[in-house]
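Comments concern the structure below.
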Amino acid sequence: MSFPKLNRFIIVLAAAAALFGQKPNAPAKSAIDKPKLEAYIRHLFVWPPPIEVTVGDPKPAPMPGFYEVKIRGSQGQASQEETFYVSQDGTKIIRGTVFDIAQNPFKPDLDKLKTEFQPSIGTPGAPVVLVEFSDFECPYCRQQAKMLREQLLKQYPTQVRLYYLDFPLESLHPWAKSAAMMGRCIFHQNASAFWDYHDWIFDHQDEITPDNLKDKVIEFAKTKGVDAAQLSKCIDTRVTEDEVEKTRTEGKDLEVNSTPTLFVNGRRMVGTVQWEDLKRVIDYEIDYQKTAKNAGENCGCSVQLPTPGVPSNNAPVGLKK
């Protein structure tokens, strides 16, 4: 397009916008009354002051005739975010999730789950992939970690793969982030030793304090073939802090706001999961994958995830109470 033609195009666009009372590229004005919507949500959830309520700007919704609006309630370190779909005239709201029946119901979360360079156990390419966001100081995470380590590979030696992602809740757990960073230091030296660290730190959770954490970790690492001097330098220079922040940011993007949170082929399971409940989901996913494969479907449930273990030169160095 030549400059003269481009100028004529801009003039025509501006004239059309003036005709309809809008500036070029200006979004259509929303009829949503934010103060009125805030008052309604406060009543719905029993969110009186001093709880702060933030009503986000309306965005295009996955269904016609509605806007998507994020509403967050917060008080201190605790917060909760909800998604609402508000009619374009601002008179009706829907709370929930909109599904596209042509797609895997868990596709939005599957697209956000990143496991490259993360500690893992199990079979590469397994039909069932579990991704856990966890906190080493969280007592509920300890319960789930024990269950997963005792049952998962014993019951499914070739059919599952588990990834561990750090999500320390610093406002509740003062040494959780430091423990996560130390775990990453160990992982980069010896990938298999990370799982020994994982089991050890959960087992000794009650003995650890912010003051004795480093000394205890160094003593533990010496028994696992980890170079203590190299580990100490890694801890002191905080070189793995960005890695922990990365998984925490990814968790927040997935609206993870408590630990443990487990994703099974993208299916979200929040809180400590009982083995019987988890086994039921795994069994279902195994059968579903067979059915989908035989039917020639691309269901998107079994994601092809890279196999960590050997550190790469390219590896990257919300909260409900």
Inter-part gap, Cα centre of the stretch 96-115 to Cα centre of the stretch 227-281, in whole angstrom, is 20
Got a sec to turn the phi values of the stretch 237-254 into Karplus ³J(HN,Hα) couplings, 6.51 cos²θ - 1.76 cosθ + 1.60 with θ = phi - 60°, whole Hz, x for Gly and Pro? 8, 6, 5, 9, 4, 4, 5, 5, 5, 5, 5, 5, 5, 5, x, 5, 4, 8
Based on other C-beta atoms within 10 Å, arrange 142, 238 from fewest to most. 238, 142
Test of understanding: ordering 111, 196 by Cβ neighbours within 10 Å, fewest first, what list do you get? 111, 196
Mean separation of Cα pairs under 8 Å and 6+ residues apart, divided by the residue count of the stretch 73-121: what relative contact order is that in percent? 18
Cβ density ranking, 10 Å radius, fewest first, applied to 247, 259, 272 yields 272, 247, 259
If the chain between residue 87 and residue 102 were fully stretched, how many nm would it gain, using 0.36 nm times the residue separation less the Cα-Cα distance? 3.0 nm
What nm value, rounded to one decimal, do you get for the distance between residue 286 and residue 232 when each label is placed 7 Å out toward the C-beta? 4.7
For the stretch 86-184, calculate the relative contact order in percent as a whole number, restricting contacts to Cα pairs under 8 Å that are 6 or more residues apart. 31
Under the Kirkwood approximation for Rh and a Cα-based Rg, what ratio Rg/Rh is obtained for the stretch 25-95? 0.99
How would you order 38-51, 222-235 from highest to lowest mean count of nearby Cβ atoms within 10 Å? 222-235, 38-51
Debye, to nearest 20: dipole size of the stretch 107-294, +1 on Lys, Arg Cβ, -1 on Asp, Glu Cβ: 580
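The numbers here are math on the coordinates, done by the rules we state, and not lab data. A quick note: this is a predicted structure, and the numbers were derived from the prediction, not measured. Note that we place each Cβ from the backbone using ideal geometry, even for glycine, and neighbour counts take in every protein chain shown.
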